[in-house]
Amino acid sequence: MMKNRITELFGTEIPIIQAGMIWNSGWRLASAVANAGGLGLIGAGSMYPEVLREHILKCQKATNKPFGVNLPMLYPDIDKHINSIIELGVKIVFTSAGNPATWTGKLKDHGITVVHVVSSSKFAKKAEDSGCNAVVAEGFEAGGHNGREETTTLVLVPMVADAVKIPVIAAGGIGSGRAIAAVMALGAEGAQIGSRFVLSHESSSHINFKNAVAETKEGDTVLSLKKLNPVRLVKNKFYEQVKEAEDRGADTAELKEILGRARAKKGMFEGDLDEGELEIGQVAAAFKDIRPAAEIVRELWEECLEVRKKLCI
Ligand code: NDP
């Protein structure tokens, strides 16, 4: 148990948040993390509206603890997702990849706690001004969608903590209790963790992707596709194709053509390790084993408490 502004905001026992990750985090993972005392998030970006509804309903059945939905604002049918969230009584929404001013007011009018994901202190301020209850400051190390400026978590978190009064959750490169303690020292009151939870039994990712993540070594991921939406992914055959095009100065139209449609699904959900887009953070290099989510949560928190004790001596 720990009391701070983040645990009070969400009603959780501990300030660990499992990131919403397209194709990786459905109701099974979100409810397992919630039942273990953290905040679980359903990643809505890859779900058709009826699929999200099903996941919310299943999550509500699987846990009495708080959980939320992560909503990337690039999502084509976002108003349908928003309606389901309101109608089904979801209490917490993490928005990302878009302007926080667009939906925060409506969600808050329905009593929903809104958190926005940012990669700069300028956008953190914008989220605060839009009425968000907290921000996630996500650094360059993170997997998936990422900021263009390449600001690392170590640099970003204190700057965001100084820029806003609302509580800050750190993300990007956090996969151990040591890292949770470190971001708390930087001014965060919570830690959002994605990659570590991909390697859980409850993550919906394809086993090929989980095994590939377990084999990832230092330097195996890269921030790519900066001319479109920057995304951190594994350097596989698909990435080499993108790199070859980028190196000879391909324009956005050609890059879009190469990216095509549903690359993320192909890689992470269908397990095509050559042709798919494999989104994961730098910290994946530190993980080797696929474990139950509750065990991951427990170990992260126990290690964090140990480190905090040692640092106080
Ligand atoms: P693409 O345009 O390449 O493909 C769309 C994918 O989303 C397909 O796989 C499709 O499933 C699925 N999908 C779910 N709902 C819809 C819908 N209503 N209309 C169309 N397609 C839908 O997109 P990406 O796979 O690159 O990204 C999908 C979403 O995930 C976007 O909203 C994007 O913003 C978000 N995203 C978030 C990331 C993050 O880090 N948070 C990283 C990357 C993407 P099917 O194949 O079954 O038709």
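The values are calculated or read from the model by the stated rules, or taken from the named source; none is laboratory data. Small disclaimer: the values here were computed from a predicted structure and weren't measured. With ideal geometry, Cβ positions are generated from the backbone for all residues, glycine too; neighbour counts draw on all protein chains shown. Note: accessible area is taken over every heavy atom of the protein model, side chains too, but ligands, DNA and RNA are not part of it. Shrake-Rupley method; radii C 1.70, N 1.55, O 1.52, S 1.80 Å.
Checking the cross-link pairs LYS217/LYS237; LYS108/LYS227; LYS210/LYS235; LYS237/LYS288; LYS217/LYS266 against a 25 Å limit on the alpha carbon distance flags LYS108/LYS227 as lying beyond it. Split the accessible area of the stretch 251-313 by element, probe 1.4 Å, and carbon with sulfur accounts for 53%.
For the stretch 78-155, the fraction of 1.4 Å probe accessible surface lying on carbon and sulfur atoms is 52 percent. The distance separating the Cα centre of the stretch 180-207 from that of the stretch 242-293 comes to 20 Å. Which shape class applies to the chain: rounded if a/c is under 1.5, otherwise prolate when a/b exceeds b/c and oblate if not, where a ≥ b ≥ c are the square roots of the Cα gyration tensor eigenvalues? Rounded. The residue list ALA185, GLY175, THR252 was ranked by how far each Cα lies along the charge dipole of the stretch 163-281 toward its positive end, using unit charges on Cβ atoms, and ALA185 comes out on top. In this structure the stretch 1-136 gives 40 Å² per residue of accessible area when probed at 1.4 Å with all protein chains present.
In a simple Cβ point-charge model (Lys, Arg +1; Asp, Glu -1; nothing else charged), the chain has a dipole of about 680 debye relative to its Cα centre.
The orientation-averaged projection of the convex hull spanning the C-alpha atoms of the stretch 185-257 amounts to 7.3 square nanometres. You can think of it this way: the chain between THR252 and LYS237 has 3.4 nm of extra reach, that is 0.36 nm per residue less the Cα-Cα gap.
Each other residue within a Cβ distance under 14 Å of ASP129 adds +1 if Lys or Arg and -1 if Asp or Glu, for a net charge of +4.
At 222 nm, what value in deg cm²/dmol follows for the chain if DSSP H runs of at least 4 each add -39500 (n - 2.57) and the sum is divided by all its residues, to the nearest 500?
Dividing the helical sum by the residues of the chain leaves -11500 deg cm²/dmol.
Taking trypsin sites (Lys or Arg not before Pro) across the stretch 186-219, the ones in a DSSP loop with at most 14 further Cβ atoms lying within 10 angstrom of their Cβ are LYS217.
Per residue, the Cα convex hull of the stretch 216-282 amounts to 75 Å³.
Remark: the stretch 228-313 carries 55 Å² of accessible area per residue (probe radius 1.4 Å; ligands, DNA and RNA excluded).
List the trypsin sites (Lys or Arg not before Pro) in the stretch 1-73 that DSSP assigns to loop (not H, G, I, E or B) and whose Cβ has at most 13 other Cβ atoms within 10 Å. Which are they? Filter output for the stretch 1-73: LYS3.
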